[in-house]
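Structure record follows, encoded as structure tokens.
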Amino acid sequence: MKNKLKSIFLLALSAGVLATSCSEDDHTGASMINYTSPTVSLTSSENNVVIDESTIDPDDGYVISVTASIAEPVFADIHIPLVQTGGTADSGDFEAGTIIIVSGTTSASANVTILLDCESGVEGDETLAIGAANNIANANMNPFTLNVSIENDWVNDVLVMEIDWHGELTYNSGLPSENTIEFCDIDLDYLIADGTGILGYVAGTGDCPEVPELNGFADGTYYILAEVYDNPFSSAAYDGPDTVITQSISWSQCGFPDTTGAFDNSLMMTSTPDGTQFPVATIEISGGYNYTVTPF
């Protein structure tokens, strides 16, 4: 009987020590049981900002940084999604990031990016208000609003084309193994001309595809020409068949969703010598920024 009572006493003592230890752990600051929601302040270097759409980069947008800070570090990450809280802008006009204050740190930043909405056409002036989402579970948010005005008194006059001629040809010239050539090894450049002659190059980077961008031309009729700058398959060293190479031409104009299209053009042969020029497309410009592209 004494042994049983002794065993019960030891078990009770062990449980008490364990409970005391857990209770102490709860007060080390590492326990989520006693987590205290910190107060978060949001700030931005820009507020009540007015943005002319002509200053918005078509690829990268106009970037505004928002920073969140707390007085002391806490032992849990704080996720703060930035969201639209007002204004007339729609979802295609901006991107809002999420600020994450990592455990043990006191600040972090994320970006609000104002975009050129190429799918909406020409829009009027717009406004945008950005704040924090209202469901931040482990933080108390101080009031904050980022106000942006987007002025749209600008019309995009840039026509972006993409001309691609990638592909390959595999042939056997009588040897045991096959040979493969890449059409992109041919360097093509692109020129623009009018009724008086060639005006200059619109693409000549050596890339495949090439991406001509047209703007600043007066109203009228223009022609896009391809020029064979360097064709390694036009020399006597090339012993493969003479094959038609197809170019794929597409175009678009940001802000004008109807100014878009594509076609294929099969005017070039693998044996076409350096210096050869041949027509690709006709472009009509009216009003300074209205483009009509027609296959040649």
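The values are calculated or read from the model by the stated rules, or taken from the named source; none is laboratory data. Because the structure is a prediction, the values reported are computed rather than measured. Heads up, the Cβs are rebuilt from the backbone with ideal geometry, glycines too, and the neighbour counts pull from every protein chain shown. Side chains included, ligands, DNA and RNA excluded: accessible areas come from the protein's heavy atoms. Shrake-Rupley method; radii C 1.70, N 1.55, O 1.52, S 1.80 Å.
Out of the total accessible area of the chain (probe 1.4 Å, heavy atoms of protein only), what percent is carbon and sulfur?
52
With the dipole of segment 48-135 worked out from charges on the C-beta (+1 for Lys and Arg, -1 for Asp and Glu) around the Cα centre, which of 76, 88, 55 lies farthest toward the positive end?
Value computed over the given set: 76.
Taking the Cα-to-Cβ direction at residue 54 and at residue 125 and moving 7 Å from each Cα, how far apart do the two end points lie in nm?
A separation of 1.6 nm, rounded to one decimal place.
GNM, the chain, Cα, under 10 Å: largest mean-square fluctuation among 223, 190, 238?
Among 223, 190, 238, the largest GNM mean-square fluctuation belongs to 238.
So, in nm, how far is label residue 77 from label residue 198 when the simple model puts each one 7 Å beyond its Cα toward the Cβ?
For the pair residue 77/residue 198, the computed spacing is 5.7 nm.
Per 0.36 nm of contour for each residue apart, how much would the distance between residue 109 and residue 36 grow if the chain were fully extended, relative to their Cα-Cα spacing? Write out the running numbers ahead of the final one.
Details: separation 73, 0.36 × 73 = 26.28 nm, distance 2.21 nm.
Result: 24.1 nm gained on full extension.
Going by average Cβ neighbours within 10 Å, how do the peptides 75-83, 133-141 rank, with the highest at the top? List each step's numbers first, then the result.
Numbers: 75-83: 16.8, 133-141: 13.0.
Order by mean packing, descending: 75-83, 133-141.
Whose amide H sits under 5 Å from the amide H of residue 243, counting only residues 5 or more places off or on another chain, with H placed in the peptide plane?
So residue 243 has HN proximity to 270, 271.
Dipole of the chain, Cα-centred, from +1 at each Lys and Arg C-beta and -1 at each Asp and Glu C-beta, to the nearest 20 debye? Let's see the in-between values first.
Numbers: 3 positive and 43 negative charges, 544 e Å.
Dipole magnitude for the chain comes out near 2620 debye.
When the chain is modelled as a GNM with alpha-carbon springs shorter than 10 Å, which of 236, 262, 226 fluctuates the most?
Result for the chain, Cα springs under 10 Å: 236 fluctuates most.
Can you give the calculated 222 nm mean residue ellipticity of the chain, where each DSSP H run of n ≥ 4 adds -39,500 (n - 2.57) and the sum is split over every residue, rounded to the nearest 500 deg cm²/dmol? Let's see the in-between values first.
Details: 1 runs with 24 residues, N = 296.
After summing the helix terms and dividing by the residues of the chain, the value is -3000 deg cm²/dmol.
Choose one answer from 198, 150, 163: the residue with the largest mean-square fluctuation in a GNM of the chain with alpha-carbon springs under 10 Å.
198
Projecting each Cα onto the charge dipole of segment 76-219 (Lys/Arg +1, Asp/Glu -1 at the beta carbon, about the Cα centre), which of 139, 97, 197 comes out farthest on the positive side?
Positive-most Cα among the choices belongs to 139.
Which whole-number value in Å² is the accessible area per residue of segment 39-151, probe 1.4 Å? Don't skip to the answer; put the middle values down first.
Numbers: 5560 Å² over 113 residues.
Accessible area per residue: 49 Å².
Using a ≥ b ≥ c from the Cα gyration tensor of segment 171-296 (square roots of the eigenvalues), is it rounded, prolate or oblate, where a/c under 1.5 gives rounded and otherwise the larger of a/b and b/c decides, a/b for prolate? Before the final figure, lay out the partial values.
Values: a/c = 2.95, a/b = 2.19, b/c = 1.35.
Prolate shape, in that a/c is at least 1.5 and a/b is the bigger ratio.
With charges set only on the Cβ (+1 for Lys and Arg, -1 for Asp and Glu), what does the dipole of segment 39-151 come to about its Cα centre, in debye to the nearest 20? Kindly include the intermediate steps, with their values, before the conclusion.
Numbers: 0 positive and 17 negative charges, 171 e Å.
Magnitude of the dipole: close to 820 debye.
Mind putting a number on the dipole of segment 139-296 about its Cα centre? Charges go on the C-beta only, +1 for Lys and Arg and -1 for Asp and Glu, and I need it in Debye to the nearest 20.
260
Antiparallel as a % of all DSSP beta bridges within the chain, to the nearest 5?
95
If amide hydrogens are placed 1.01 Å from N in the peptide plane, which non-local residues have theirs closer than 5 Å to the one on residue 51?
149, 150, 151
Could you tell me which of rounded, prolate or oblate describes the chain, using a ≥ b ≥ c as the square roots of the eigenvalues of the alpha-carbon gyration tensor, with rounded for a/c under 1.5 and, failing that, prolate when a/b is larger than b/c and oblate otherwise?
Since a/c reaches 1.5 but b/c is at least a/b, the shape of the chain is classed as oblate.
Per residue, how large is the accessible surface of segment 202-296? Use a 1.4 angstrom probe and give square angstrom. Walk me through the numbers on the way to the answer.
Numbers: 4490 Å² over 95 residues.
Using a 1.4 Å probe on heavy atoms only, each residue of segment 202-296 averages 47 Å².
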